[in-house]
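J.: Next up is a structure, given as structure tokens.
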Amino acid sequence: MRTSPSRPTPRRRPPDMAAATTPVNRPDTPQLFRLSVEVGDLDRAIAFYSELFGIEGHRQAGARSYFDCGPVTLSVMDVSANGAPHTAAKALYFTVEDLEALFARAEVLGCLSTELVHDQSAGAIVVRPWGERSFYADDPWGNPLCFVERGTVYAG
């Protein structure tokens, strides 16, 4: 019996994931711009992050400080100053061009927040006291997300 030499199986090229997911190919990809961490002592946290990053924070109203970390701001929030933390304390913040379109998708998913942020409905498109036009949603695991209309971002 004669056996034929085995032919190498042609290798498939892996998909170009970078090209498939770049903002160029997705017209309104949300852009992450702020991460928040909760702390129990703002002065100590400012000292720590200033020393760690080698930069100074910018103190904000409401017992928090912002650290400019390139395109993303680190918001350090002292939750002990105001009692219990609120939705904004842990949210991931994204900017979007078309806030209404993203709001409609969140509404269909049933993930709009039921919390209040500064006595306003977090799950509604509202201009916040600091000027951002935004709404909050929660992922299925309870992680808060905030979507802010591009051009209204409060940078501190």
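The values are calculated or read from the model by the stated rules, or taken from the named source; none is laboratory data. Not measured: the values here are computed from a predicted model. When we count neighbours, we look across all protein chains shown, and the Cβ atoms used for this are built from the backbone with ideal geometry, even at glycine.
J.: Is there a residue being at pLDDT 95 or above and in contact with a Cys (Cβ under 6 Å, 6 or more places away or on another chain) anywhere in segment 113-134?
T.: Checked against the condition, which is being at pLDDT 95 or above and in contact with a Cys (Cβ under 6 Å, 6 or more places away or on another chain), segment 113-134 yields at least one hit.
J.: Of everything in segment 129-150, what is small (Gly, Ala, Ser) and within 13 Å of the chain's Cα centre (by Cα)? Give them in sequence order.
T.: SER134, ALA137
J.: THR87 fails exactly one of the following numbered conditions: (1) at pLDDT below 80; (2) surrounded by fewer than 18 Cβ atoms within 10 Å (Cβ to Cβ). What is the number of that condition?
T.: Result: THR87 passes all but (2).
J.: Which number in (1) closer than 18 Å to GLY156 by Cβ; (2) among the hydrophobic types (A, V, I, L, M, F, W, C); (3) modelled with pLDDT of 85 or more marks the one condition that ALA47 misses?
T.: Here ALA47 meets the rest and fails (1).
J.: Further question on the same structure: Out of ASP139, ASP68, I need the residue that is acidic (Asp, Glu) and under 16 Å from ALA155 (Cα atoms). Which one?
T.: Numbers: ASP139 fails: under 16 Å from ALA155 (Cα atoms).
Of ASP139, ASP68, the one residue that is acidic (Asp, Glu) and under 16 Å from ALA155 (Cα atoms) is ASP68.
J.: Return the pair list, or none, for Cβ contacts closer than 6 Å from residues in segment 58-71 that are free of Cβ contacts under 8 Å to residues at least 40 places away in the same chain to residues that are surrounded by 14 or more Cβ atoms within 10 Å (Cβ to Cβ) and among the charged types (D, E, K, R), at least 6 apart or on different chains.
T.: Partner pairs satisfying both residue conditions: ALA63/ASP78; SER65/ARG59.
J.: List every residue pair whose Cβ atoms lie under 6 Å apart, where the two residues are 6 or more positions apart in sequence or sit on different chains, the first residue falls within segment 110-137 and is in contact (Cβ under 8 Å) with a residue 12 or more places away in the chain and farther than 21 Å from GLU97 by Cα, and the second residue, located anywhere, is of a type in the set (A, V, I, L, M, F, W, C) and crowded, with 20+ Cβ neighbours inside 10 Å.
T.: GLU115/ALA122; VAL117/ALA88
J.: Among the residues of segment 100-132, which ones are farther than 21 Å from SER36 by Cα, in contact with an Asp or Glu (Cβ under 8 Å, 6 or more places away or on another chain) and either crowded, with 18+ Cβ neighbours inside 10 Å or hydroxyl-bearing (Ser, Thr, Tyr) (or both)?
T.: The answer is LEU102, and nothing else.
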